[in-house]
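Participant: The structure is given below, and queries will be raised subsequently.
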Amino acid sequence: MSQDTQPAYRRILLKLSGEALLGEHHYGVDPAVLSQVAEEVCELSRRGVEVGIVIGGGNIFRGAGLAEGGVDRVTGDHMGMLATVINALALQDAIERAGRFCRVMSAIRINQVCEDYIRRRAVRHLEKGRVVVFAAGTGNPFFTTDSAASLRAIEINADLMIKATKVDGVYDADPFTQTDARRFDRLTYDDALERRLGVMDTTALVMCRDNELPIRVMNMFAKGDLQRLVMGESVGTLVEGSRQ
């Protein structure tokens, strides 16, 4: 791919699950996966794409899971928010080691390790070519990091939200257990909502629909796919408005 080719998107929001950082481990962060993600993100930044990232914390704690075990849900969600800060700091370090400036902005105050989230400051960081990692979800319990990703993408006026997963798009069944599962090239928001396809949670999807923010679901670990997607190729599954 020529370095002179212009990206199809000026600004994107990349949603990463915490589980994506596990790699071959059962808990925590796999340094090899962290390095791979950082290199992919840095390559986009070098091409002039403004990159925001929302990362989950499921590799460390999941608030909903803790609640099922008897922990107070609000307390569990706060623990989950702190887990996303840990992941965000790890990703910041990997991105800066790979050669790009990166800022972590938290929805909860934790000034000694990262900045508070302020929308105008986040946009300014992006305009200056810095990668911005948004941590601590929305700062509120009961909201998933999918919802946080939709919210931040809309707030920063992203052209596209990319949900990075371990599969190459959205299927009508689990492709790991059902060999006849069918992958969709394109869906409408309403299709995804009505068929409960698990693209994102309902709140996140409705926010994207109401603000006309397109979503791409793709495999983060298929080498080169993220670059091809941002350069305009059809990769993964596109979720957008009504069919023409």
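Participant: In a GNM of the chain with a 10 Å cut-off on Cα contacts, which of P31, P175, P141 has the highest mean-square fluctuation?
Facilitator: Ranking P31, P175, P141 by mean-square fluctuation puts P175 first.
Participant: Can you give the longest run of the chain that contains no chymotrypsin sites (Phe, Trp or Tyr not before Pro) sitting in a DSSP loop with at most 10 other Cβ atoms inside 10 Å?
Facilitator: By the stated rule (loop sites, at most 10 other Cβ atoms within 10 Å), 28-175.
Participant: Multiplying the sequence separation of M79 and N111 by 0.36 nm and subtracting their Cα-Cα distance, what value in nm do you get?
Facilitator: Gain on extension, M79 to N111, equals 9.8 nm.
Participant: Any idea how many Lys pairs in region 11-240 come in under 17 angstrom at the alpha carbon, given 8 or more places apart or on separate chains?
Facilitator: 4
Participant: Are there GluC sites (Glu not before Pro) in region 1-42 that DSSP puts in a loop and that have at most 11 other Cβ atoms within 10 Å, and which ones?
Facilitator: Within region 1-42, the qualifying GluC sites (Glu not before Pro) (loop, at most 11 other Cβ atoms within 10 Å) are E24.
Participant: With the chain treated as a Gaussian network of Cα nodes joined by springs under 10 Å, which of Q227, Q112, Q92 yields the largest mean-square fluctuation?
Facilitator: Residue with maximal mean-square fluctuation among Q227, Q112, Q92: Q112.
Participant: Let me ask you something else. P(r) of the chain in 10 Å steps, Cα pairs, percent per bin?
Facilitator: 8, 32, 39, 18, 2, 0
Participant: A64: net charge of surrounding residues, Cβ under 15 Å, Lys/Arg +1, Asp/Glu -1, itself excluded?
Facilitator: With Lys, Arg at +1 and Asp, Glu at -1, the neighbours total -4.
Participant: Can I ask one more? Once every DSSP H run of n ≥ 4 in the chain is given -39500 (n - 2.57) and the sum is divided by its residues, what mean residue ellipticity at 222 nm do you get, rounded to the nearest 500 deg cm²/dmol?
Facilitator: The helix contribution divided over the chain gives -11000 deg cm²/dmol.
We did not get these values from a lab; they are worked out from the coordinates using the rules stated. Quick caveat, the model's predicted, so the values are computed rather than measured. Methodologically, a virtual Cβ is constructed for each residue, glycine included, from the backbone with ideal geometry; neighbour enumeration extends over all protein chains shown.
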